[in-house]
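What follows is a short report on a single structure.
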Protein chains: 2
Amino acid sequence: MNKRSNSRSLLLVGGGADRINVRYACGFDAPDPFLYVEAKGQKHLLVSMLELGRAQQLGEAVQTHTHDSLGLKPKERRSLGQQALGLLKHLGLKRIQVSADCPIGVVRELEKAEIKVRVAKAPLYPERLVKTDKEIEFLRASQRAAVSAMKAAIGMIEASDISAEGHLLQQNGEVLTAEIVRHQIERVLLDADCIAEDIIVACGDQAVDPHERGYGPLYAHQFIVLDIFPCSKTSGYWGDITRTVLRGGADPMQTKLYKTVLKAQKEALASVKPGANAKEIHQRIFDRFVAAGFVTGMKDGVPQGFIHSTGHGVGLEIHEGPSVSPAGTELEVGQVITIEPGLYYRGLGGVRIEDTVVVTEKGCSALARCSKEWRL
Amino acid sequence: MNKRSNSRSLLLVGGGADRINVRYACGFDAPDPFLYVEAKGQKHLLVSMLELGRAQQLGEAVQTHTHDSLGLKPKERRSLGQQALGLLKHLGLKRIQVSADCPIGVVRELEKAEIKVRVAKAPLYPERLVKTDKEIEFLRASQRAAVSAMKAAIGMIEASDISAEGHLLQQNGEVLTAEIVRHQIERVLLDADCIAEDIIVACGDQAVDPHERGYGPLYAHQFIVLDIFPCSKTSGYWGDITRTVLRGGADPMQTKLYKTVLKAQKEALASVKPGANAKEIHQRIFDRFVAAGFVTGMKDGVPQGFIHSTGHGVGLEIHEGPSVSPAGTELEVGQVITIEPGLYYRGLGGVRIEDTVVVTEKGCSALARCSKEWRL
């Protein structure tokens, strides 16, 4: 625990609202909600009988409590708020901090029992923003898995034939779809013991809606955005990478779009270093896009242009601090962030190029290498 | 919306604390938190620009709002509470209900602006407990995927050889491990477009800790508990099945343990019908186990015996109402529940047999069939 944690009494809901922070704080996770308390420099877990064995494996670093050890009545065991109350009473705590994510139901039960509840300032664990060497190893492993999957996906697109109608065709003559490529990505990630949800394989205008995962046939002469973000089942750390490719020839406008995004990403990567302002990195990309004629705004009722942040932190969450956006602050050594400029226009499609990098003394370093060759 | 929803003003946090209820209420889900409001019989979503396209696909059933349409300032956009406030102001709402899971941070921001916040009684959507025909079809599809994966896993164990040391061996002569079997299960589920986390392949005493997923070599003459619960990526509905198998001969005590659990499950399944009391179903199993000499309690500091509920509801959540436990109530037609008695003792291992069934007019019906042959 850091100094700040030592001097506070904090209640978190593991497995639920505060799952990631609890995992970070004590290494424990479970499918159903459980309670975590820090008080007087000691960590406590309140878990069900079902979780007791796993919780005890944490050893002396964490004191484990159960419904039985606290003498909770059957009705109390069914209420997270009553469980929290039982634990706080046992620890002799009459005032407690909770996260802004703490369920109101728990807070109301505590307040009814005259426990004074204060919402702790975010981030609860500022040290989460700067990764340890061990965390960087975990992130690198997940990023390597993402790159393997990316190479498999790009390989399938590269090996495709083009039908008279412009569809991409598999070796067996059948149409290559977003679903087939996604399935291949998921297989590679599963083999690397990673979970992968919402992988994006979005062709043409599908990519203009940035949260559309993509579906149906893939076409030649159209951009295909591949965004892969696996989470390691063992470490819980994420990787995140995006590449955009195009099978068959590109027209001059497509080439200009790709090159503009690529140049913006290169410049942004070159400007990442300790002390660099993430807000300014974002703004420079925005300005560069405008200067190249790529404006951002609503068009035909749809947001188009550079419609998302330049990047975000990656760790036990796929989206965490620090932000590389108008909300950005100064970068520090050991932070792990994505740099992922993108441009999206109906009729032209989308281009996004994303790498996950660690901020080093001298600049930054990609967690894993992956080609940005785009014309296949 | 049902009558109850029509007369209330309700705020939920989609993608976050109230993710499943929002998905149930309006069919929308997203990776990052967004807001959902029901008021005056109308459904509303407040989503980021990134989600706008997908949200609009819901059509007229849901009114879509964005940070722009509400005129939120940049700082307000970064706070879920301020976003909620903006939406409530726009809708002219000065009092609102939230779920017990609503983040305290959101509630505090609303209260600061003199919005009156009340915690709605659970369950928010009582109709979720009774599945529609469409929901049952989704559940059946996930359960079928689970059964396919189960058959693949059991097939691997059945095809194994037994080494001189009692290890199970694959066809290639290498030791068959929990990890290898789990990987095969995950592959089958991936091919069925399902997500699978925390699949259990637990041999011998590993199964006595019910949340231990299992690891390392599998052994002959020991129980292997296989618990498979996939979630369909498309529908969001779960399946849930457990089988226990044993390769090589079983001793009389193992045979007695298995037969006792099997008989308890059969009797429980036979007693499931509309109007049956789920609490009594659970208690009868408990009593039957005691009568057979299988007591429940702490032994050597570890909970042993029948240490979990008989069952739980399955739907958009793997664990939802109704509960088949001391908290159980009367069952109704269309409810989908698991029946999964189990007994666990150190030195003997664990046996759990689980099926997911739908309550019918006459009794209940398994969502998918799967053999309970256990001696392989």
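The values are calculated or read from the model by the stated rules, or taken from the named source; none is laboratory data. Computed from a predicted structure; not experimentally measured. All Cβ positions, glycine included, derive from the backbone under ideal geometry; neighbour counts span all protein chains shown. Accessible surface is based on the protein model in full, side chains and every heavy atom, while ligands, DNA and RNA are left aside. Shrake-Rupley method; radii C 1.70, N 1.55, O 1.52, S 1.80 Å.
Computed over every Cα-Cα pair of the stretch B:200-266 and binned at 5 Å starting from 0, the pair-distance distribution P(r) comes out as 4, 15, 21, 23, 18, 9, 6, 3, 1, 0 percent.
P(r) tail, the stretch A:3-127: Cα-Cα pairs separated by more than 23 Å, 21% of all pairs.
In a simple Cβ point-charge model (Lys, Arg +1; Asp, Glu -1; nothing else charged), chain A has a dipole of about 1320 debye relative to its Cα centre. Interface residues of the stretch A:175-192, defined as those with an accessible-area decrease of at least 40 Å² between the chain by itself and the complete set of protein chains (probe 1.4 Å), are A:His183, A:Glu186, A:Arg187, A:Leu190, A:Asp191.
Springs between Cα atoms under 10 Å define the GNM used for chain B, and in it the highest mean-square fluctuation of B:Gly349, B:Gly71, B:Gly14 occurs at B:Gly71. Please give the net charge around B:Asp287, taking every other residue with its beta carbon less than 14 angstrom from that of B:Asp287, where Lys and Arg add +1 and Asp and Glu add -1. For residues surrounding B:Asp287, the net value is +2. Treating each Cα of the protein assembly as shown as one equal point scatterer and applying the Debye formula with no solvent, the log10 of I(q)/I(0) at q = 0.07, 0.09 Å⁻¹ comes out as -0.54, -0.91. Would you mind listing the distances between the A:Lys266 label point and the same position in each other copy? Use 7 Å along Cα-to-C-beta, nm, one decimal, shortest first. For A:Lys266, the inter-copy label distances come out at 7.4 nm.
Please give me the summed charge of the neighbours of B:Thr242: other residues whose Cβ is under 10 Å from its Cβ, Lys and Arg +1, Asp and Glu -1. With Lys, Arg at +1 and Asp, Glu at -1, the net is -3.
Summarising the label geometry, the points placed 7 Å from Cα in the beta-carbon direction at A:Gln56 and A:Lys75 lie 3.1 nm from one another. In order along the stretch B:173-180, phi translates into HN-Hα couplings of x, 7, 5, 7, 10, 4, 5, 5 Hz, rounded to whole numbers, per the Karplus curve 6.51 cos²θ - 1.76 cosθ + 1.60 with θ = phi - 60° and x for Gly and Pro. Note down the accessible area of A:Glu332, probe 1.4 Å, to the nearest 10 Å². Roughly 100 Å² of A:Glu332 is accessible to a 1.4 Å probe. Pairwise Cα distances in the stretch A:1-76 exceed 17 Å for 41 percent of all pairs.
In chain B, taking the dipole from charged Cβ atoms about the Cα centre, the farthest positive-side position among B:Ala30, B:Gly311, B:Val333 is held by B:Val333. Per the accessible-area calculation with a 1.4 Å probe, the total area buried between chain A and chain B rounds to 3700 Å². The charge dipole of the stretch A:220-295, taken about its Cα centre with unit charges on the Cβ of Lys, Arg, Asp and Glu (plus for the first two, minus for the last two), comes to roughly 140 debye.
222 nm [θ] for chain B, helices only, -39500 (n - 2.57) per DSSP H run of 4+, per residue, to 500?
Working: 10 runs with 119 residues, N = 376.
Helix-only estimate at 222 nm: -10000 deg cm²/dmol.
Add +1 for every Lys or Arg and -1 for every Asp or Glu among the other residues with Cβ under 11 Å from the Cβ of A:Gly81, and state the total. Summing Lys and Arg as +1 and Asp and Glu as -1 gives 0. Shortest first, A:Gly249 label-point distances to identical copies amount to 7.7 nm, with the label point at 7 Å from Cα along Cα→Cβ. Counted over the stretch B:1-69, the DSSP beta bridges are approximately 65% antiparallel. Size estimate for the stretch B:312-358 follows the Kirkwood approach: the inverse of mean 1/r over distinct Cα pairs works out to 11.9 Å.
When B:Ser99, A:Ser371 are compared by accessible surface with a 1.4 Å probe, the order from highest to lowest is A:Ser371, B:Ser99.
Take each residue in B:97-110, count the other chain C-beta atoms within 10 Å of its C-beta, and the mean is 6.
Across peptide A:29-35, the average count of Cβ atoms from other chains found within 10 Å of a residue's Cβ is 2. Sorted from nearest, the other copies put their B:Glu76 label points 4.4 nm away, the label point being 7 Å from Cα in the direction of Cβ. Rounded to the nearest 20, the size of the Cβ-charge dipole of the protein assembly as shown about its Cα centre is 2200 debye, with Lys and Arg at +1 and Asp and Glu at -1. With point charges of +1 on the Cβ of Lys and Arg and -1 on the Cβ of Asp and Glu, referenced to the Cα centre of the stretch B:130-366, which listed residue (B:Thr255, B:Ala159, B:Ile228) lies farthest in the positive direction of the dipole? The one lying farthest along the dipole's positive direction is B:Thr255. Other protein chain C-beta atoms within 10 Å of residue C-beta, averaged over B:203-215: 2. Just to confirm the filter: which trypsin sites (Lys or Arg not before Pro) across the stretch A:102-148 are DSSP coil and have at most 11 other Cβ within 10 angstrom of their Cβ? Passing sites in the stretch A:102-148 are A:Lys121. Measuring r between the beta carbons of A:Glu197 and A:Val295 and using R0 = 25 Å, the FRET efficiency lands at 0.15. Identify which of B:Lys75, B:Lys233, B:Lys40 has the largest mean-square fluctuation in a Gaussian network model of chain B, with springs joining Cα atoms closer than 10 Å. The residue with the greatest mean-square fluctuation here is B:Lys75. For the stretch B:310-332, heavy-atom accessible area (probe 1.4 Å) falls by no less than 30 Å² from the chain alone to the full protein assembly at B:His319, B:Ala327.
Between the stretch B:190-254 and the stretch A:289-316, what's the alpha-carbon centroid distance in Å? A separation of 45 Å, based on Cα centres. Using the 1.4 Å probe convention, the accessible area of the protein assembly as shown works out to 42 Å² per residue with neighbouring protein chains retained. Backbone N atoms of the stretch B:16-43 closer than 13 Å to the 7 Å Cα→Cβ label point of A:Asp32 are not found in any residue.
So, R0 is 30 Å and r is the distance between the beta-carbons of B:Ser365 and B:Tyr125; what FRET efficiency does that work out to, to 0.05? Taking R0 as 30 Å, the efficiency between B:Ser365 and B:Tyr125 is 0.80. Here A:Asp287 and B:Glu114 are evaluated by their C-beta separation; at R0 = 56 Å the FRET efficiency comes out at 0.85. Compared with the alpha-carbon gap, the fully stretched path from B:Tyr215 to B:Lys256 is longer by 12.2 nm at 0.36 nm per residue. Expressed as a whole percent, the accessible surface of the stretch B:3-127 that belongs to carbon and sulfur atoms is 49, based on a 1.4 Å probe. The GNM of chain A, with springs linking C-alpha atoms under 10 angstrom apart, assigns the highest mean-square fluctuation among A:Thr356, A:Thr338, A:Thr132 to A:Thr132.
Residue ranking by accessible heavy-atom surface, 1.4 Å probe, largest first, among A:Ile195, A:Ile104 comes out as A:Ile195, A:Ile104. Its convex hull of Cα atoms gives the stretch A:38-86 a direction-averaged projected area, equal to a quarter of the hull surface, of 3.5 nm².
Shape analysis of the stretch B:130-366 based on the Cα gyration tensor places the equivalent ellipsoid semi-axes at 29, 23, 13 Å, largest first.
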